[in-house]
Amino acid sequence: MRPAVRRESHARTAGLVAGPESRDGSRDIEGAHPGATGDGRDVDAVLDALAGFPRIAAGDPAVLPDAAAEFAGDAEGWCRLEAEGVIGELPEWVQGAYDRILAAADRVAEATAGEHLQHLDCRADNVILDRDGAAWIIDWPWAGIGARWTDGACYLFDVRMRGEAIDVEEVLGRHPLFDGVADADIDSLIAALTGGYMFKSRLPAPPGMPTLREFQRQEALTGIAWLQERWA
């Protein structure tokens with residue numbers, strides 16, 4: 001893989017990418033995106049970095065979106081699909097479990113409420129592993145405030161989407177980032193994300209992005225498969 005080189009600003013990311021910084025508060029990061037080996041060996045490094053995100057104190061001057069509200073917007077995808085009368089066109093398992101999926105998605109605002117900085121777009125292409133194996137979280141246009149664990153769960157969603165050979169349920173059960181997180185809260189986030197992806201996947205493709213809707217459809221199918229396994 002061609003090495004990825006990115007310059008990250010200390011101020012822009014609130015100093016939350018691992019590693020030393022230069023005198024001007026930024027540094028060049030040379031490395032590669034995680035997941036290249038497909039065996040999950042990089043997952044813990046990424047989750048360790050996410051676990052270091054701080055709690056944002058009351059009265060902090062930073063004004064960032066409410067992550068819970070963002071996820072609630074994703075959850076509305078299920079109701080929009082129902083309003084369009086297309087639930088019968090979705091996978092058979094979704095039709096049978098629809099009420100449970102909707103109930104899980106509906107409580108996502110409660111499940112993901114919190115006071116920690118979150119990236120809110122945590123996929124492998126927004127992470128770089130440096131030569132020492134430390135994970136740097138890059139590109140922060142969607143940052144918000146929410147529950148400490150949500151970025152980690154979203155990254156595991158991406159791990160499944162990319163087909164890495166690792167048991168994400170085992171990771172959820174052992175990594176400190178998920179200590180004390182209820183299974184129902186994880187389910188709620190998965191259900192909400194899946195509804196958002198499914199609804200968006202049925203929209204017309206935006207100009208210049210012909211593959212976006214298929215990508216979103218695959219994301220939705222990933223979420224459906226994950227819920228199906230968790231609820232088996």
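Provide the per residue accessible area, probe 1.4 Å, for the chain, rounded to a whole number of square angstrom.
Values: 11340 Å² over 232 residues.
Computed with neighbouring chains in place, this is 49 Å² per residue.
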Charged-residue dipole, Cβ positions (Lys, Arg, Asp, Glu), the stretch 81-232 about Cα centre, Debye nearest 20: 300
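Can you pull the percent of the stretch 193-232's accessible area that's carbon plus sulfur, 1.4 Å probe, other chains left in place? Please report the intermediate quantities before stating the final value.
Details: 1260 of 2080 Å².
That fraction is 61 percent.
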Nearest-0.05 FRET efficiency for Arg162 and Leu102, computed from C-beta distance (R0 25 Å): 0.35
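Based on the Cβ-Cβ distance of Thr211 and Trp93, what FRET efficiency does E = 1/(1 + (r/R0)^6) give at R0 = 22 Å, to the nearest 0.05? Spell out each step's value before the answer.
Details: r = 25 Å, r/R0 = 1.16.
It comes out at approximately 0.30.
Can you check what the net charge comes to around Lys200, using other residues whose Cβ is under 14 Å from the Cβ of Lys200 (Lys, Arg +1; Asp, Glu -1)?
-2
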Selection of GluC sites (Glu not before Pro), the stretch 106-187, meeting DSSP coil and at most 16 other Cβ within 10 Å: Glu115
Counting all C-alpha pairs of the chain, share separated by more than 30 Å (%): 26
Cα-only Debye scattering, the stretch 55-185: base-10 log of I(q)/I(0) at q = 0.09 Å⁻¹: -0.33
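Per the helix-only calculation at 222 nm, which mean residue ellipticity applies to the chain, given -39500 (n - 2.57) for every DSSP H run of n ≥ 4 and division by its residues, nearest 500 deg cm²/dmol? Mind dumping the intermediate values first?
Working: 8 runs with 103 residues, N = 232.
Here the helix-only value at 222 nm equals -14000 deg cm²/dmol.
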Positive-pole candidate from Val181, Ala104, His116, dipole of the chain, charges at beta carbon: His116
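The values are calculated or read from the model by the stated rules, or taken from the named source; none is laboratory data. If you're wondering where the values come from, they're calculated on a predicted model, not measured in any experiment. In this analysis, Cβ positions are derived from the backbone assuming ideal geometry, glycine residues included, and neighbour counts consider all displayed protein chains. All accessible areas refer to the heavy atoms of the entire protein, side chains included, with ligands and DNA or RNA removed. Shrake-Rupley method; radii C 1.70, N 1.55, O 1.52, S 1.80 Å.
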